[in-house]
Amino acid sequence: MRNLIRIIAVFLFVGITTAVSAQTPKFGHIDLQALIQVMPERASAETQFNAFQSDLEDIFGEMQKDLQTKMMEFEALGADASEIKRNAKVSEIQDMQQRIQNYQQTANAQLQQKQTELLKPVFDKAEAAIGEVAKEKGLLYVFDIGSKVVLYKSNESVDVLPLVRTKLGI
């Protein structure tokens, strides 16, 4: 009886070990940036971003022009202008320079925020399609090889870029 239990235990152990080793994990890889570049939604987001950036640059250009005008007015005062008038112009120019510097910082933050806002739906759509393809192919992980984080890529790794492009109709 003891021998029978041992034999059954050995068969179960061998069977479980064989079943576990037969299920090799499957990995995939994709260059996410290459996918994003071919998505039509990216082009639309880029057009909107460029229009927003152009508006900010127009405002900045007007501010620069106003500063140049103030500086020319200061230079035109000449030596016979009173010290009070000169100090007022210098103060005005310094205030304008400070406003321009603040505007540049604010504009850069707005540009980054707008870019994130416009590209988030594109990345979300790409990631959803990658997830669907990974599930269909039974992949455990999909690595982004464009981020240069992957140190090794086996030939057994599945390139999901063509599959995701097909899934998105690109």
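Any residue at all in segment 77-97 that is under 35 Å from the mean Cα position of the chain (by Cα) and either on the phi < 0 side of the Ramachandran plot or touching a residue at least 12 places away in the same chain (Cβ under 8 Å) (or both)? Give the derivation first.
Keep residues of segment 77-97 that are under 35 Å from the mean Cα position of the chain (by Cα), which gives 96-97.
Now narrow it down to the ones that are either on the phi < 0 side of the Ramachandran plot or touching a residue at least 12 places away in the same chain (Cβ under 8 Å) (or both): 96-97.
The answer is yes, given that some residue of segment 77-97 is under 35 Å from the mean Cα position of the chain (by Cα) and either on the phi < 0 side of the Ramachandran plot or touching a residue at least 12 places away in the same chain (Cβ under 8 Å) (or both).
Does any residue of segment 124-136 turn out to be more than 26 Å from the chain's Cα centre (by Cα), closer than 30 Å to S157 by Cβ and not hydroxyl-bearing (S, T, Y)? Break it down into steps so the answer makes sense when it comes.
Going residue by residue through segment 124-136, those that are more than 26 Å from the chain's Cα centre (by Cα) are 136.
Next cut, closer than 30 Å to S157 by Cβ only: 136.
Those left that are additionally not hydroxyl-bearing (S, T, Y): 136.
Yes: segment 124-136 contains one or more residues that are more than 26 Å from the chain's Cα centre (by Cα), closer than 30 Å to S157 by Cβ and not hydroxyl-bearing (S, T, Y).
Regarding T166, is this residue out of contact with any Cys (no Cβ under 6 Å at 6 or more places or on another chain), among the hydroxyl-bearing types (S, T, Y) and more than 28 Å from V38 (Cβ to Cβ)?
No.
Take the conditions surrounded by 10 or more Cβ atoms within 10 Å (Cβ to Cβ), β-branched (V, I, T) and in contact with a strand residue (DSSP E or B) (Cβ under 7 Å, 6 or more places away or on another chain) and apply them to I30. Does it pass?
So I30 passes the test.
Every number here is computed from the coordinates shown, using simple stated rules; none is lab data. This one's a predicted model, so the numbers in the text were calculated from it and none came from an experiment. Note that we place each Cβ from the backbone using ideal geometry, even for glycine, and neighbour counts take in every protein chain shown.
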